[in-house]
Amino acid sequence: MEIPLTKMPTARQPGCPFDPPKELIQTREHSPITPYPFPSGHQGWLITGYDLARSVLADPRFSSRKELMRHHPTIDYGDIEVPPAPPGEFLLMDEPQHSRYRKPLVGKFTVRRMRLLTERVEQVTAEHLDAMEKAGPSADLVTAFAKPIPAIVICELLGVPYEDRGRFQDNIDKFLGGEVSDEELIAAYTAVQQYLAELVVAKRANPTDDVLSDLTDSDLTDEELQGMALILLSAGFDTTANMLALGTFALLQNPEQLAALRAEPTLIEPAVEELLRYLSVLRAFQRVALEDVELGGQTIKAGTTVILSGNTANRDPERFTDPHVLDIRRQDGGHLTFGHGIHQCLGQQLARVEMRVAFPALLNRFPTLRLAVPADEVALRPETADIYGVKSLPVTWDA
Ligand code: HEM
């Protein structure tokens, strides 16, 4: 392999569905920061080491503004004009705009508030396990379990009727799945925006007991609320779902870890953190330097795009002992899977509650759970998807 990397890898090594592409690991072994020639011709940087990735995420000299994200890591669109993020889509904004939207939400996603949801998450999980058991002894874990549980929970929390999912679920999958044309992607995004625009108007007219209705009692406009709802719904839908499916796959492929978790249920908290680190479902971040920055012995010029490889950072041997080993008893926490800095995941406590409930419930219900196909036949999401995971996970058990 040539170092530095001249093209982002688009696939993983056969037989290694949980490991970052080997080209990225080799790049980090060469240097935690290397030049990256974007397909558009833009000369950017690729950061693969933990310390540098973490410091960029915390550094206000690196922007998340959508209008600055003009270079795609794998596709040559040329040097395109990108409009700023629509009002409310705060993931793609810097301060002070970002805080206007994040602040009113922080109190609604605290550890305490999310723990209060535990009972409801247990209920939703049990209902899905009942249905799986009844229809079994085999299932696609993605559609029967991993997808619907977080989807129902985020919908109830926000006040988005789950019965309306025909109008948003497939469309969200399209814009996060990395496998549709640009036209389809825009159409899917527009359809979700349209649905949420109607919903915000309805909430303002008839507020109910949920996050979106609460937010109508503020100076936020309908357009802003719609943008916030879109970020919350799409962030809450796909991320935990992929963790549940890919995490189960990883546990089934590591039987001694699975046995340890079954034997010692109190290991669930470190196990969830370790699965987050090991799987890094949000594989990469993108930022743009607002001024010249000295970093890792290099100068990142103002206006330059930087890709931060979360999955190699989470496997950095300078930060984690035996980084490629899944070890649910691991003590060295601090993974970057929920990000770091001002954009650090707002829904992380919710995701934790969901995973801490759903994994043990699944393992308890089906003590003989196993893959129903050879591991190398499990369909993986492409490396180009925003969120990594499996497309389906055929499983079976002894009835
Ligand atoms: C395992 C599941 C999840 C993972 C791995 C994850 C990961 C992330 C990461 C890495 C970021 C920061 C992105 C960046 O810095 O550019 C982020 C932001 C965000 N996440 Fe999550 N997330 C998860 C679940 C959720 C859930 C359930 C919600 C539901 C509300 C959520 C809501 C958000 C929001 C609103 C932001 C934007 C925060 C901001 O810009 O201030 N996430 N998430």
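In table form, for the structure just shown:
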{"quantity": "Nearest-20 debye value, the chain charge dipole, Cβ charges on Lys, Arg, Asp, Glu", "calculated": "640 debye"}
{"quantity": "Share of alpha-carbon pairs per 5 Å distance bin for segment 17-162, given as whole %", "calculated": "2, 7, 10, 11, 12, 13, 14, 14, 10, 5, 1, 0"}
{"quantity": "Gaussian network model of the chain, Cα within-10 Å springs - most flexible of Leu290, Leu46, Leu176", "calculated": "Leu290"}
{"quantity": "Inter-probe distance in nm under a simple model that places probes 7 Å from Cα toward Cβ, at Asp376 and Thr118", "calculated": "4.3 nm"}
{"quantity": "Rg(Cα) / (2.2 N^0.38 Å) computed for the chain, rounded to two decimals", "calculated": "0.97"}
{"quantity": "Rh by Kirkwood over Cα pairs, then Stokes-Einstein D for segment 275-399 at 0.890 mPa s and 25 °C, µm²/s", "calculated": "140 µm²/s"}
{"quantity": "Translational diffusion of segment 186-334, µm² s⁻¹ [Kirkwood Rh, Cα pairs; Stokes-Einstein; 37 °C; 0.692 mPa s]", "calculated": "172 µm²/s"}
{"quantity": "Compactness relative to 2.2 N^0.38 Å, alpha carbon Rg of segment 341-399", "calculated": "1.47"}
{"quantity": "Order of Lys301, Lys174, Lys66, Lys147 under a 10 Å beta carbon neighbour criterion, fewest first", "calculated": "Lys301, Lys66, Lys174, Lys147"}
{"quantity": "Ranking of Ser138, Ser309, Ser55 by count of other Cβ atoms within 10 Å, fewest first", "calculated": "Ser138, Ser55, Ser309"}
{"quantity": "3J(HN,Hα) from dihedral phi, segment 57-71, Karplus parametrisation 6.51/-1.76/1.60, rounded to Hz, x for glycine, proline", "calculated": "4, 9, 9, x, 6, 10, 9, 10, 4, 4, 5, 8, 7, 9, 10"}
{"quantity": "Per-residue HN-Hα couplings for segment 225-230 [Karplus 6.51, -1.76, 1.60; θ = phi - 60°; Hz; x = Gly/Pro]", "calculated": "4, 4, x, 5, 4, 5"}
{"quantity": "Segment 1-57: translational diffusion in µm²/s, Stokes-Einstein, Kirkwood Rh over Cα pairs, 4 °C, 1.567 mPa s", "calculated": "107 µm²/s"}
{"quantity": "Residue-span extension gain [Ser138 to His42] - 0.36 nm each, minus C-alpha spacing", "calculated": "29.7 nm"}
{"quantity": "Cα-based Kirkwood hydrodynamic radius, segment 113-239, one decimal, Å", "calculated": "15.8 Å"}
{"quantity": "Model label zone, Thr110; criterion: amide N under 19 Å from point 7 Å along Cα-to-beta-carbon; scope segment 181-215", "calculated": "210-212, 214-215"}
{"quantity": "Segment Thr368-Ala202, extension gain: residue separation times 0.36 nm, minus the distance between their alpha carbons", "calculated": "55.1 nm"}
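Read the figures in this text as sums done on the coordinates, not as results from a lab. These numbers come from a predicted model, not from an experiment. Cβ sites come from the backbone with ideal geometry, for glycine too, and all protein chains shown count toward neighbours.
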